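Contents: one structure, followed by commentary.
Here, each number is a calculation from the coordinates, and none is a lab measurement. Keep in mind it's a predicted model, so treat the numbers as computed, not measured. Here Cβ is always computed from backbone atoms with ideal geometry, including for glycine, and neighbour counts include all displayed protein chains.
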Amino acid sequence: MATIQFDLVSPERKLASVVASEIQIPGADGDFTAMADHAPFLTTLRPGVLSVKSGNDVTEYVVTGGFVEVSGEAASVLAEEAMPKSEVTADVVNGLVEAAVAAAEGLEGDAKDMADKRVADTKALLDLI
C-alpha cells in the first residue's frame, strides 16, 4: 500500500510524525482525505477532528485551525492548537468556545461572519468527543 509522510505540529509541541496510508483533514472548505500521490495544495483548517491511519492504527487529533500543505509525498499540518482526541474533555472544548467567542467580539462584516463560523465549528466539537 502506498504511504505518505504525515507531520502535525502546534506551537506547544510536535504531535505526530508518522508514515500513514491516509489522513482525514477538516479543511476550511470541507473535509478531505490526503493519500500518497495526492495533488499538491495548501489550505486552511477549521476546528474539527483530524484522523490519521497508519497501518492498522487510527489516531485522532482535535485541531482548532491552522494550515495544511499536501504534496504527493507528504502532508504537513501547522495547527493553531492541537491535542490528541483522548485528552479532550467537554471543559477543554468549552474553553475553546469561550476563546472563539471572545475573538469574535467587536468584529463586523466578513470578519464577523468568519469568526461566527469558527465559533459554530468549535461548538460542534462537543458532538465529536
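Sort out which residues of the stretch 1-49 are closer than 12 Å to Val77 by Cα and among the acidic types (Asp, Glu), and write them in order of number.
Asp7
Give the residue, chosen from Ala82, Ala104, Ala115, that is buried (at least 16 other Cβ atoms within 10 Å of the Cβ), hydrophobic (A, V, I, L, M, F, W, C) and closer than 18 Å to Gly30 by Cα.
It is Ala115.
For the stretch 52-86, what are the residues that are farther than 17 Å from Pro11 by Cα, in contact with a helix residue (DSSP H, G or I) (Cβ under 9 Å, 6 or more places away or on another chain) and hydroxyl-bearing (Ser, Thr, Tyr)?
Thr59
Mind listing whichever residues of the stretch 60-96 are of a type in the set (Gly, Ala, Ser) and closer than 17 Å to Lys117 by Cα? Outline the logic, then answer.
We begin by selecting, within the stretch 60-96, every residue of a type in the set (Gly, Ala, Ser); these are 65-66, 71-72, 74-76, 79, 82, 86, 90, 95.
Scanning the stretch 60-96 gives Gly65, Gly66, Gly95.
Let's see how each residue does on (1) touching an Asp or Glu at 6+ places or on another chain (Cβ under 8 Å); (2) within 13 Å of Glu69 (Cα to Cα):
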position: Ala2; (1), (2): yes, no
position: Lys14; (1), (2): yes, no
position: Val18; (1), (2): no, no
position: Ser21; (1), (2): no, no
position: Ile25; (1), (2): yes, yes
